[in-house]
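The values are calculated or read from the model by the stated rules, or taken from the named source; none is laboratory data. In this text, all values refer to a predicted model and were calculated from it rather than measured experimentally. Methodologically, a virtual Cβ is constructed for each residue, glycine included, from the backbone with ideal geometry; neighbour enumeration extends over all protein chains shown. Remember, those area values only see protein heavy atoms, side chains included, never the ligands or the DNA or RNA. Shrake-Rupley method; radii C 1.70, N 1.55, O 1.52, S 1.80 Å.
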Amino acid sequence: MSEPAMELIDVKKTIGRKEIIKGLSFTINKGEVFGFIGPNGAGKTTTIRMMVGLIKISQGDVKILGNSIKSNFKEAIREVGAIVENPEMYPFMTGMQNLEHYARMIPGITRERIQEVIQLVGLEKPIKEKVGRYSLGMRQRLGIAQALLHSPSVLILDEPTNGLDPAGIKEIRQYIRRLASEENVAVIISSHLLSEIELMCDRIGIIKNGELVAIQSVHESTDATSKQIKIQMEVNPIAKAIELLQSQHDIIAETTDHLLTFQSEKESIPAIIKSLVNQDVAVYQVTASKVSLEDKFFDLIGENTIE
Ligand SMILES: Nc1ncnc2c1ncn2[C@@H]1O[C@H](COP(=O)(O)OP(=O)(O)OP(=O)(O)O)[C@@H](O)[C@H]1O
Ligand SMILES: [Mg+2]
């Protein structure tokens, strides 16, 4: 059964007079990969900094395995591994030397554990090379290995795919999935690009202006309660069709690649076609598909890719 690893309870952050985070509540379970998505300035880093105790929580609480980061900091933070800013690595030392150096600062890290994390992120081969020669993706994986050394229950990564090429993203994706299943870690990954992390997440939480606007499982393509589907039509003239849809069906349609695109219920399709034909709009084809996560993200954020 799903067991909560981290819980956010009505978390707020006010800086100066500005409320930057406006009451976030959600739970991340063990073994789950949770995507924290939102445009630039939405409040992802601020939230993450509160989760790991780098800045104070103005109101609310974060609990890690039931321990409050506010009142039980030591017990709570023991279970957290994170990369918030770029991980500090010494380029003139090998990957192994970097890990050993870091391990010396934490009590109880064994040789075996170091080997284990190296395997988890697939760095067996280059681990004896100097970090200065690592690619960005390899450096990220070394950072993840370092964050995992003390066997945390929660791993938090702020924009781990930033600057990586598609191959690098794919690698990170594989290792993240693997450590969620093999180590039963709850992984929280932030990103401003849905497409980059969608494939590695079980659930996505969308944040905008310091508020959570949606939480959705990646696998159930839309929530079961919604009967909305995405409909595309080839019609002529398009402008007239858009006008009719709005005036007679209260539907806001747009055009993509010369196709009329809108969301509606399946049951409404016949009536829509009928009214278009009655008003001399020619209908050449109609396709219906599920509303994808991408469509939903677009609806909520108003942009597809946010830079
Ligand atoms: N120390 C601060 N003082 C004042 N405002 C701040 C401070 N830190 C963050 N903010 C503001 O809070 C908002 C959220 O910033 P945050 O860095 O958390 O966003 P983000 O979602 O991580 O964005 P990005 O995708 O660019 O990393 C922004 O409007 C930012 O300007
Ligand atoms: Mg950020």
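Just a few scattered comments:
- Single residue of Q228, Q263, Q248 found to be more than 34 Å from the chain's Cα centre (by Cα) and either outside the structural domain of T45 (by TED's automatic domain parsing) or of a type in the set (D, E) (or both): Q248
- Selection from region 111-170 of residues that are of a type in the set (G, A, S) and open to solvent by 30 Å² or more (accessible area, probe 1.4 Å): G132, S135, S151, G163, A167
- Entry remark, region 178-202: residues being open to solvent by 10 Å² or more (accessible area, probe 1.4 Å), in a helix (DSSP H, G or I) and under 24 Å from G66 (Cα atoms) number 3 in total.
- Test: G23 is part of a loop (DSSP other than H, G, I, E, B), at positive phi, open to solvent by less than 60 Å² (accessible area, probe 1.4 Å) and within 16 Å of ligand 1 (Cβ to nearest atom): no
- Single residue of region 29-62 satisfying the filter (in contact with a Gly (Cβ under 9 Å, 6 or more places away or on another chain) and in a strand (DSSP E or B)) that is nearest to ligand 2 (Cβ to nearest atom): F36
- Residue within region 227-238 that is modelled with pLDDT under 90 and open to solvent by 60 Å² or more (accessible area, probe 1.4 Å) present: yes
- Pairs where the first residue, in region 48-62, is closer than 15 Å to K22 by Cα and the second is of a type in the set (K, R) and more than 14 Å from ligand 1 (Cβ to nearest atom), C-beta under 7 Å, 6+ apart: I57/K70; D61/K70
- Qualifying residue in region 204-212 (condition: closer than 30 Å to I169 by Cα, open to solvent by 30 Å² or more (accessible area, probe 1.4 Å), in the same structural domain as N29 (by TED's automatic domain parsing) and not in a strand (DSSP E or B)): yes
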